[in-house]
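Taking it in order: structure first as structure tokens, then the write-up.
Laboratory data are not the source of any read-out in this text; all were calculated from the coordinates shown. Here the structure is a predicted model, which is why all the values come from computation and not from measurement.
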């Protein structure tokens, strides 16, 4: 997998996931880091998707924050 083949937004999302893991002294990037990274990068997209799926985005974000800690 070549990181340079990712879109700019995808690269930003992965970088935010890495930053989250490092900020919490974690050595692995978990799915919760990636989802939170996507939510932080593409808020308008995830907000739209969550609304269509009936998912409470703010509640999901709280769950992810607890999972990441």
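Of 35, 20, 53, which is the most mobile in a GNM of the chain whose springs link Cα atoms less than 10 angstrom apart? Comparing 35, 20, 53 in the GNM, the peak value goes to 53.
Oblate is the label for the chain, because the ratio a/c of its alpha-carbon gyration tensor axes (a ≥ b ≥ c) is 1.5 or higher and a/b is not greater than b/c. Calculated mean residue ellipticity at 222 nm for the chain: -22500 deg cm²/dmol, from DSSP H runs with n ≥ 4 weighted as -39500 (n - 2.57), summed, divided by the residue count and rounded to 500. Using 0.36 nm per residue and subtracting the Cα-Cα separation, the extra length available between residue 52 and residue 8 on full extension is 13.4 nm.
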